[in-house]
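> This is the structure, below, for whatever I ask next.
The values are calculated or read from the model by the stated rules, or taken from the named source; none is laboratory data. All of these numbers come straight from a predicted model, not from anything done at the bench. Counting neighbours? That spans all protein chains shown, and the Cβs are built from the backbone with ideal geometry, glycine included.
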Amino acid sequence: PWARVIPVRCLGSVNLSWVTDAMNSGYDGVVLMGCQKGDDYQCHFVRGSAMAAERMSKVGDTLSTLNLEPERVVIHEVAITDIKRAPQLINDMAKVVEEIGMSPFKF
């Protein structure tokens, strides 16, 4: 599987319309990764991951409107020191896509 990485300054800057546009364009899935909460919270924008989680809580409704599975979009908090986790999360999404199939919006 291959993945397109789109860096953003903060996960809190990602809005639902970007994810919806990606899904409408035929992306098979979207993995959103942001700063991990906890004692060593590293978000320079203070509430980025929390804002993203709140915005993405509505993604399931949007996906069902498009007749797409909610598993196609996931959000994860990753510690900056956990460099092995990001590739694993991408591989996990690839397995999900393999199970549910490619996007019906591919052209």
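> Assuming S49 fulfils every condition listed in (1) modelled with pLDDT of 90 or more; (2) part of a helix (DSSP H, G or I); (3) small (G, A, S) apart from one, which condition is it?
Failing condition for S49: (1).
> Select, from V30, V14, the only residue that is buried (at least 18 other Cβ atoms within 10 Å of the Cβ), closer than 16 Å to K106 by Cα and under 13 Å from the mean Cα position of the chain (by Cα).
Details: V14 fails: closer than 16 Å to K106 by Cα.
Unique residue meeting the criteria: V30.
> Enumerate the pairs (first residue in the range 93-107 and more than 12 Å from S25 (Cβ to Cβ); second residue anywhere and of a type outside the set (D, E, K, R) and not in a helix (DSSP H, G or I)) with beta-carbon separation below 7 Å, excluding pairs fewer than 6 apart on the same chain, so at least 6 apart or on different chains.
M93/G29; M93/V31; M93/V74; A94/P1; V96/G29; V97/G29
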